[in-house]
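The values are calculated or read from the model by the stated rules, or taken from the named source; none is laboratory data. These numbers come from a predicted model, not from an experiment. Cβ coordinates were reconstructed from backbone atoms using ideal geometry, including for glycine residues, and neighbour counts include every protein chain displayed. Accessible surface areas use protein heavy atoms only, side chains included; no ligands, DNA or RNA. Shrake-Rupley method; radii C 1.70, N 1.55, O 1.52, S 1.80 Å.
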Amino acid sequence: MLLKGAASLAGNLATASRTVSRAGALRQQKRFLSLHEYRSAAILKEYGVPIPDGDAATTPEEAEKVAQKLGKDDMVIKAQVLAGGRGKGTFDNGLKGGVKLITSPVEAKIYAEQMLGHKLITKQTGAAGKLCTAVYVVEREFVRREAYLAILLDRTTRGPVIVASSQGGMDIETVAKETPDAIFSTPVDIHTGVTDEIALKVAQALGFSNAATQEAADTVKKLYKVFQEKDATQVEINPLSETVDRRVLAMDAKLGFDDNASFRQPEVWSWRDTTQEDADEIEAAKYGLNFIKLDGNIGCLVNGAGLAMATMDIIKLYGGEPANFLDCGGGATAEAIRQAFGILLREPKVTAIFVNIFGGIVRCDNIAKGLIATTQEMNITVPIVARLQGTNVEEAQRLISNSGLKIFSFTDLDEAAQKVCQLSKVVSLAREIDVNVSFELPL
Ligand code: GDP
Ligand code: MN
């Protein structure tokens, strides 16, 4: 995945806009489906993009069989995890490298044993790493050049952009940072697509020999076809290689797809691997909650993405840090609130909960009832600040204040945000010195 450095240097690339800042580190938002390399490679093959021969395996024995079937003296076994930087990653059992050169089927089996069921930690996975659920065994190719090629969606030009560099391989982020001139980028007009002229320019930027340039240009066109027809948001090939016998080969593939197009791409979506995603975020999606974890400690429950953004902004303004982005959508029902609280409270770092709901379609009194029921049912020890506004807000206020529960209720967003930030700080401080705090509301 092309990271922040490359994105800003190669023009305002889409990657930057698709990331959510989590305490400085940029991580890709989950709303774009990513596929494993072997799945992506299968798509490329379908479009005539040259890829190395190979197959995936989920057991060591299967890996051995795949290698036997390939019948090559030189092969590569590659851990399938949804993150970049596998080559330079380390497994939780100490094995170094998620991409290993091998020379026999037995070796495929031995490495598969050490990879499968273990977590690979790379600079893109964070310390927790990602579980390796499959390995991809491919023939080893002998290359004379490794280039970088990506097609992304770009906010600035509101369309696809092709990014190419002759300096491909494992460290494109460093290339982007230190030698931005080595990265070529060109927007694509969706009406005309990739013309011969664009394809050739991109091919030249890859720095292949003359003998391979035409095939590279054809490959660029094919990759664009994949991008367009599969509703991709990212097609990244690193490395796109030139072999010693002057062939062009896509030796790695990281494809991302637009969630909004999932209904048009049932096959692509059938390949989703949820073991690579956050369990709580998947659980939330089951209840129609749009949930993204962040690094702070104020749990937020909001209706509407716009209000959720505004809520995060105002929390930051008053010195707080949101623990999550949770949009329960238009139908903020009592059940949705219960589920949302369950998810928020599973996170031990949460020191306060901020409910910020605008009652437009939903009525505030119904929200209040849901909130009261949930608070009574769950043993909640962190302070809750509720800012309800809209239809039947007076009745909602009355219900909350008569409930006898420790819910700090506001109609004004500013006051509510200040309060939740203060409360969260108090709880954080108390936890640091190991004291319990309980909150009494003035009656
Ligand atoms: P990534 O680290 O997650 O991007 O994984 P890659 O699939 O790109 O593999 C890492 C690196 O291994 C590549 O950049 C190549 O340099 C190298 N590599 C993988 N397969 C082969 C191969 O068949 N031949 C050669 N020469 N290098 C390979
Ligand atoms: Mn790669």
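Do we find that Thr233 is more than 16 Å from ligand 2 (Cβ to nearest atom), hydroxyl-bearing (Ser, Thr, Tyr) and surrounded by 16 or more Cβ atoms within 10 Å (Cβ to Cβ) in this structure?
Yes, satisfied.
Can you say whether Gly117 is touching a Cys at 6+ places or on another chain (Cβ under 9 Å), open to solvent by 20 Å² or more (accessible area, probe 1.4 Å), free of Cβ contacts under 8 Å to residues at least 40 places away in the same chain and away from ligand 1 (no atom under 16 Å from the Cβ), as far as the supplied structure shows?
Here the answer is yes, as Gly117 does meet what is asked.
May I ask you to list the residues in the stretch 86-110 that are within 16 Å of ligand 2 (Cβ to nearest atom), in contact (Cβ under 8 Å) with a residue 24 or more places away in the chain and open to solvent by 30 Å² or more (accessible area, probe 1.4 Å)?
Passing the criteria: Lys88, Lys100, Leu101.
Quick one: Thr311 ticks every box in (1) β-branched (Val, Ile, Thr); (2) assigned to a helix (DSSP H, G or I); (3) modelled with pLDDT under 90 bar one, so which box is it?
(3)
Taking Ala396 as meeting all but one of (1) open to solvent by 10 Å² or more (accessible area, probe 1.4 Å); (2) in contact with an Asp or Glu (Cβ under 6 Å, 6 or more places away or on another chain), write down the number of the exception.
So Ala396 meets the others, but not (1).
Would you mind telling me which numbered condition in (1) closer than 18 Å to Glu141 by Cβ; (2) assigned to a helix (DSSP H, G or I); (3) open to solvent by 10 Å² or more (accessible area, probe 1.4 Å) Ala216 fails?
(3)
Looking for something under 30 Å from Asn436 (Cβ atoms) and surrounded by fewer than 17 Cβ atoms within 10 Å (Cβ to Cβ) - is there at least one such residue anywhere in the stretch 349-367?
Let us first name the residues in the stretch 349-367 that are under 30 Å from Asn436 (Cβ atoms), namely 349-357, 367.
Still in the running and surrounded by fewer than 17 Cβ atoms within 10 Å (Cβ to Cβ): 349.
Scanning the stretch 349-367 turns up at least one residue that is under 30 Å from Asn436 (Cβ atoms) and surrounded by fewer than 17 Cβ atoms within 10 Å (Cβ to Cβ).
Identify, please: which residue in the stretch 261-286 is in contact (Cβ under 8 Å) with a residue 24 or more places away in the chain and open to solvent by 70 Å² or more (accessible area, probe 1.4 Å) and is, among those, nearest to Tyr148 (Cα to Cα)?
Taking the candidates together, the pick is Arg272.
Please report, ordered by residue number, the strands (runs of 3 or more DSSP E) entirely within the stretch 222-289 with at least 1 residues that are among the β-branched types (Val, Ile, Thr) and within 24 Å of Asp55 (Cβ to Cβ).
Those strands (runs of 3 or more DSSP E) span 232-243, 248-250.
Cβ-Cβ under 8 Å, sequence separation 6+ or interchain: first residue in the stretch 151-174 and more than 24 Å from Lys225 (Cβ to Cβ), partner polar (S, T, N, Q) and away from ligand 1 (no atom under 16 Å from the Cβ). Which pairs?
Taking only residues 6 or more apart or on different chains, the pairs are Gln167/Thr179.
Quick one: in the stretch 123-140, which of the residues that are more than 30 Å from Arg247 (Cα to Cα) and hydroxyl-bearing (Ser, Thr, Tyr) is farthest from ligand 2 (Cβ to nearest atom)?
Taking the candidates together, the pick is Thr133.
Residues to consider are Ser428, Ser403; find the one that is under 31 Å from the mean Cα position of the chain (by Cα) and either among the hydroxyl-bearing types (Ser, Thr, Tyr) or surrounded by fewer than 15 Cβ atoms within 10 Å (Cβ to Cβ) (or both). If you could, list the steps in order and put the result at the bottom.
Numbers: Ser403 fails: under 31 Å from the mean Cα position of the chain (by Cα).
Exactly one residue qualifies, and that residue is Ser428.
Would you point out the residue of the stretch 122-135, among those that are surrounded by fewer than 20 Cβ atoms within 10 Å (Cβ to Cβ) and touching a residue at least 24 places away in the same chain (Cβ under 8 Å), that is farthest from Thr274 (Cα to Cα)?
Lys123
So, of the residues in the stretch 176-202 that are in contact with a strand residue (DSSP E or B) (Cβ under 8 Å, 6 or more places away or on another chain), farther than 19 Å from Gln228 by Cα and in a helix (DSSP H, G or I), which turns out to be least open to solvent (accessible area, probe 1.4 Å)?
Among those residues, the one meeting the criterion is Ala176.
Take Ala340 and tell me if it is small (Gly, Ala, Ser) and either touching a Phe, Trp or Tyr at 6+ places or on another chain (Cβ under 6 Å) or open to solvent by 20 Å² or more (accessible area, probe 1.4 Å) (or both).
no
Somewhere in the stretch 156-168, is a residue over 30 Å from Val188 (Cα atoms) and either open to solvent by less than 50 Å² (accessible area, probe 1.4 Å) or among the β-branched types (Val, Ile, Thr) (or both)? Outline the logic, then answer.
Residues of the stretch 156-168 over 30 Å from Val188 (Cα atoms): none.
Looking for residues that are over 30 Å from Val188 (Cα atoms) and either open to solvent by less than 50 Å² (accessible area, probe 1.4 Å) or among the β-branched types (Val, Ile, Thr) (or both), one finds none in the stretch 156-168, hence no.
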